[in-house]
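Reviewing the structure listed below.
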Amino acid sequence: MNNVGNAVTAARIAPAAVVVGIDGPSGTGKSSTSKAVAAKLGLRYLDTGAQYRAITWWMLSNGIDVNDAAAVADAAGKPEIVSGTDPSAPAITVDGADAAAPIRTQEVTSAVSAVSAVPEVRTRLTELQRAIAAEAPHGIVVEGRDIGTTVLPDADLKIFLTASAEARAARRSGELKGKEATDLAATQAALVKRDAADSGRKTSPLAKADDAVEVDTTDLTLDQVIECVVTLVEERRSGTESA
Ligand SMILES: Nc1ncnc2c1ncn2[C@@H]1O[C@H](COP(=O)(O)OP(=O)(O)OP(=O)(O)O)[C@@H](O)[C@H]1O
Ligand SMILES: Nc1ccn([C@H]2C[C@H](O)[C@@H](COP(=O)(O)O)O2)c(=O)n1
């Protein structure tokens, strides 16, 4: 076969790039599911929550009052945030410094909803997220709170994960065991409070897109959720699913 023939065959065989948005409240399994689905399907992966955490960490490290929306807005353009998109080794740097560990502290978790509610922060990160998604050669799984509604409204597939507050708190407590005291009721209260703040803000709140597929993960294992999403992506790619 000549070069033109090879190129035509390759184009027929290679699946088109696919863009998947996965949203949902905290602890529903977005990160675990997104990473696994991306790895299985050879797609890139973007954790937009890590970006909101990174900008929050920068604000705290630079003495910005995170409850002063005007101060946060003024500083929103200053930090340089770089996200890796390898699902097996997600990375994030702020001004060249590795931010993977510091963005997971309780201090950042408590402050992130206030910083995320500032429109200038959202505009900046939304632009960054769209640019990263546009550059993914075979497609990408992007997880967050507003991917289906705002960041990538034309995504090929939108998933909205849910789970009961009890199940989510139990999952989180399992993660914390041995590291911090695990008070299930306090963990659940903190989750519910952060969800309320994220759902209640004016600019691109946590919400299910009208055309998203809702998956309740309360009684599903992580493997079952991953399998479900992989099947939905494959159906979407082959055009066999009902719209
Ligand atoms: N279906 C499931 N069954 C049991 N445990 C799960 C399930 N899905 C995820 N988990 C576990 O729950 C914890 C939270 O999952 P994960 O971090 O993926 O959630 P998330 O939605 O990304 O949370 P956040 O928005 O707070 O980052 C992890 O320890 C993960 O292993
Ligand atoms: N698209 C997004 C992603 C995240 N956020 C905010 C709201 C969350 O509470 C916070 C941390 O996210 P997590 O690491 O828990 O996924 O970031 C948002 O507003 N929009």
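The values are calculated or read from the model by the stated rules, or taken from the named source; none is laboratory data. No experiment lies behind these values; they were computed from the predicted model shown. A quick note on method: Cβ atoms are made from the backbone with ideal geometry, for glycine too, and the neighbour counts reach across all protein chains shown. Accessible surface is based on the protein model in full, side chains and every heavy atom, while ligands, DNA and RNA are left aside. Shrake-Rupley method; radii C 1.70, N 1.55, O 1.52, S 1.80 Å.
What the table shows:
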item: Where the stretch 19-235 is the region considered: accessible area per residue in Å², 1.4 Å probe; result: 45
item: Considering only the stretch 19-235, percent of DSSP beta bridges that pair antiparallel, nearest 5; result: 25
item: Förster radius 30 Å - calculated FRET efficiency between Asp154 and Ala100 (Cβ-Cβ, nearest 0.05); result: 0.50
item: Rounded to 10°, Cα long-axis angle of helix 222-238 versus longest principal axis of the chain; result: 40
item: Helical contribution to [θ] at 222 nm, DSSP H n ≥ 4, -39,500 (n - 2.57), averaged over the chain, rounded to 500; result: -15500 deg cm²/dmol
item: Highest average packing first - 161-169, 30-38, 57-65, Cβ atoms within 10 Å; result: 30-38, 161-169, 57-65
item: FRET efficiency, 1/(1 + (r/R0)^6) with R0 30 Å, evaluated for Ala89 and Lys202 via beta carbons; result: 0.25
item: Number of Lys pairs (Cα under 17 Å; 8 or more positions apart or on different chains) in the chain; result: 6
item: Longest to shortest principal axis, alpha-carbon extents of the stretch 19-235, angstrom; result: 47, 42, 31
item: The stretch 16-85, relative contact order [Cα under 8 Å, separation at least 6], %; result: 24
item: Assigned charges on the beta-carbon of Lys, Arg, Asp, Glu; the stretch 114-243 dipole about Cα centre (debye); result: 640
item: Fraction of accessible area attributable to carbon and sulfur, the chain (%, probe 1.4 Å); result: 53
item: Gained length - Asp210 relative to Glu227, 0.36 nm times residue gap less alpha-carbon distance; result: 3.8 nm
item: Relative contact order [Cα under 8 Å, 6+ residues apart], the chain, whole percent; result: 30
